[in-house]
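First the structure, in the form of structure tokens, and then the observations on it.
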Amino acid sequence: MPHNYTNNKLVQCLCGGIKLKTKGKLRPVINCHCLQCMKTHGNYASYTNILESEVQFLSTKTLKWFFSSKKAKRGFCSVCGASIFFKHLGSKKISISAGMFKNPTNLKTQSNIYIKGKLDYYKLDSKIPKYSKYIK
Ligand SMILES: [Zn+2]
Ligand SMILES: [Zn+2]
């Protein structure tokens, strides 16, 4: 079984208003240091992603979407404030914040992107590739 294959993984926000199960292959995690991720997560973002058709939504009653640009929207919980989703409009995939999963996530971090946005209070792991843009 590949390390990034996780079946039937429960994901939920802090208050439980957003709950889902992933039922497919999760991409390894990408850390994004762009300004928009910084401002919505309060830190860099760590996202895995999956085909949206492989997500079973169990509760979305507190889910709100913020259109952060003409190309993308971000899903968050309107009660507990959790930043959970990133979605390119028109994409079949949805990004999910990796910290929403429970151990063992069986996920690995594959890269750091938009590293020009990195702030000075943390260091990047020199073993993880760095890119100035989004690279799959
Ligand atoms: Zn919540
Ligand atoms: Zn970003």
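The values are calculated or read from the model by the stated rules, or taken from the named source; none is laboratory data. From a predicted model like this one, the values you see are computed outputs, not experimental measurements. Please note: Cβ atoms are built from the backbone with ideal geometry, for glycine as well, and neighbour counts cover all protein chains shown. Areas reflect the complete protein model, heavy atoms only, side chains present, ligands, DNA and RNA absent. Shrake-Rupley method; radii C 1.70, N 1.55, O 1.52, S 1.80 Å.
Please give the length that would be gained between Lys21 and Ser126 if that part of the chain were fully extended, namely 0.36 nm times their separation in residues minus their C-alpha to C-alpha distance (nm, one decimal). Write out the running numbers ahead of the final one.
Details: separation 105, 0.36 × 105 = 37.80 nm, distance 3.28 nm.
Separation in residues times 0.36 nm, less the Cα-Cα distance, equals 34.5 nm.
Note on surface exposure: Ile115, Ile135, Ile30 rank Ile135, Ile115, Ile30 by accessible area, highest first, 1.4 Å probe.
Peptides 105-111, 60-66 ordered by packing proxy, namely the average of other Cβ atoms within 10 Å per residue, highest first: 105-111, 60-66.
In what sequence, largest accessible area first, do Lys23, Lys123, Lys71 appear using a 1.4 Å probe?
Result, largest first: Lys123, Lys71, Lys23.
Computed about the Cα centre, the dipole magnitude for the chain is approximately 320 debye when only Lys and Arg (+1) and Asp and Glu (-1) carry charge, each at its Cβ. Under the classification rounded if a/c is under 1.5, otherwise prolate if a/b is larger than b/c and oblate if not, where does region 45-100 fall, given a ≥ b ≥ c as square roots of the Cα gyration tensor eigenvalues? Judged from the Cα gyration tensor, region 45-100 comes out rounded (a/c under 1.5).
Counting only other residues whose beta carbon sits under 9 Å from that of Phe66, what net charge do I get with K and R as +1, D and E as -1? Can you show the working numbers first?
Values: positive: Lys64, Lys73, Arg74; negative: none.
Net charge around Phe66: +3.
By the gyration tensor of its Cα atoms, with a ≥ b ≥ c the square roots of the eigenvalues, what is the shape of the chain: rounded for a/c under 1.5, prolate for a/b over b/c, or oblate? The shape class here is oblate. Under a straight-distance cross-link criterion of Cα-Cα below 17 Å, which aspartates and glutamates are reachable from Lys25, leaving out those fewer than 8 residues away in the same chain? Here the aspartates and glutamates satisfying the reach criterion relative to Lys25 are Glu52, Glu54. Considering only alpha-carbon pairs that sit under 8 angstrom and 6 or more positions apart, the relative contact order computed for the chain is 27 percent.
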